[in-house]
Amino acid sequence: MLKIVKAVNNFYPDKILHAPNTSLGFHFIVDGQLVGLITPKFAKQLKKYDKIFKFKDHLIILNKALKTIEERTIQIENVLLELKLNNINEYECLNGWRNERFACYGESSESNAHGGKILLSIERSGCGFFGIRQSGCHLNGYIWDNETLKMWVGRRSKTKQTYPGFLDNLVGGGLGSGSNPVDTIKKEAGEEAGIYEKHLLDKIRPGGAISFYMDHPKRGWMPDTEYIYDLELPKSYIPRPVDGEIKSRLNEFTLEAAICVIDFLIRKGIVNSSNEADYTEIVMGSFSMIGLCKEALLDSMQIARFVSNL
C-alpha cells in the first residue's frame with residue numbers, strides 16, 4: 001500500500017514555489033494569479049506561441065489581452081490541438097483527447113468550494129502540461145456480509161484513454177467545468193453502475209476528499225483532488241454493468257482508484273496501526289494537502305502587482 005501512496009503523491013513543488021529557478025520549472029500566471037506549474041520541457045514548446053504566452057524570468061504569463069473565459073480557453077485549446085496534430089511522442093496522452101473540459105479556478109473564496117472564479121477551461125488530457133489542478137469523484141460501493149466487508153469494483157474498458165483494462169471503483173468520473181461533486185457522482189452512478197433508484201442515491205454519503213500531487217512521465221505535473229463517496233448496498237443488489245465480484249490486488253487498480261480504496265479501508269478500520277506496519281506513513285502520504293492554494297504558493301496580490309508592471 002505504501003508503494004501506491006508514494007506513486008500517487010510523488011511530486012513536491014516546494015523548491016519551484018519558494019526558490020524559483022527556470023531549470024526546475026515555471027509558474028503559470030493567469031489574470032495575475034498563479035494557477036499551475038509548468039515543466040522546463042513543456043515551457044520550450046510554449047515559447048513559439050509568443051502571442052499567447054509571455055516569458056518573464058520564472059513566469060509564463062497568459063496574454064493579458066485575453067480577458068474572457070472563452071478567449072483564454074480557445075487559445076490554450078488551440079495550442080494543445082496543434083501539439084496533438086504534430087504527434088510529438090512526449091505528449092502522446094493528447095491522442096486520448098477527451099472533449100471534456102476542466103475548470104481552472106483562481107484565488108479561493110468562501111462562496112466556491114473548488115476555489116475562486118473560473119479563469120478558463122482546459123481539455124482534460126492537457127491539464128498536467130500546465131500543472132492545473134484536476135478534480136474527480138469516486139464512489140465506494142460495498143456490502144457487509146456478516147462481519148466481512150466486500151466492495152464492488154468495475155473493470156475499465158480496454159478502449160479507455162487512460163488505464164485501459166484496469167480495475168476501478170464502482171463509480172468514478174472527472175469533475176467537468178461548472179459541475180459539482182454531488183451531482184456528478186449521482187449522474188455517474190446511473191451511467192456506470194445502473195444505480196438510478198432514488199432510495200439508493202439518497203444513501204450516498206460523503207467520505208471526504210484526498211489531494212495529491214503526481215509527477216506523471218506522460219501526463220505532466222498533476223495536482224489532483226478526489227471527492228470520495230460511500231454507498232452501502234443491499235446484499236441482494238447487483239449493479240447492472242458490473243460483471244460480478246472480482247478478487248484482485250491493489251496493483252490491478254488505477255492509481256487514483258487504488259488510493260481511494262486505501263482511504264476507504266482506513267476509514268472503515270480494516271487497515272489500522274495493528275495490522276499495517278506502514279500505517280502512519282500511509283495516512284500521512286494519502287492525506288497530503290500539497291496543492292495549488294493561496295497559502296502554499298506565493299501571495300497572489302504580490303504576483304498581481306508584479307505582473308501588472310510587465
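Below, the figures for the structure above:
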| quantity | calculated |
| --- | --- |
| Residues with amide H under 5 Å from that of residue 271, placed H, sequence gap 5 or more | 266 |
| Average Cα contact separation per residue, the stretch 2-308, under 8 Å, 6 or more apart, as relative contact order % | 22 |
| Spatial extent of the stretch 2-308: Rg and Dmax, with the Cα atoms as the point set, Å | 20.2, 64 |
| Size of electric dipole in the stretch 2-308: Cβ of Lys, Arg +1 and of Asp, Glu -1, about Cα centre, debye, nearest 20 | 820 |
| Length released on extending from residue 22 to residue 81, taking residue separation times 0.36 nm less the Cα-Cα span | 18.7 nm |
| Column: log10 I(q)/I(0), Debye, Cα scatterers of the stretch 161-218, q = 0.13, 0.31 Å⁻¹ | -0.44, -1.36 |
| Packing-based exposure ordering (other Cβ within 10 Å, fewest first) of 79, 171 | 79, 171 |
| Exceeding the 22 Å Cα-Cα cut-off - candidates 41/218; 187/268; 117/187 | 187/268; 117/187 |
| Extent along principal axes [Cα atoms of the stretch 1-108; Å; largest to smallest] | 45, 33, 29 |
| Those aspartates and glutamates that a straight Cα-Cα span of less than 17 Å connects to residue 51, excepting residues fewer than 8 apart in one chain | 31, 70, 71, 77, 82 |
| Flagged links, alpha-carbon separation over 30 Å, of 48/158; 47/158; 3/160; 150/186; 150/198; 56/160 | 48/158; 47/158; 56/160 |
| Karplus-derived HN-Hα couplings along the stretch 204-212 (A = 6.51, B = -1.76, C = 1.60, θ = phi - 60°), whole Hz, x at Gly and Pro | 5, 10, x, x, x, 8, 10, 10, 8 |
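A short reminder: the numbers here are calculations on the coordinates, not readings from a lab. Predicted, not measured: the structure shown is a model, and the values here were computed from it. Note: ideal-geometry Cβ built from the backbone for every residue, glycine included; neighbour counts use all protein chains shown.
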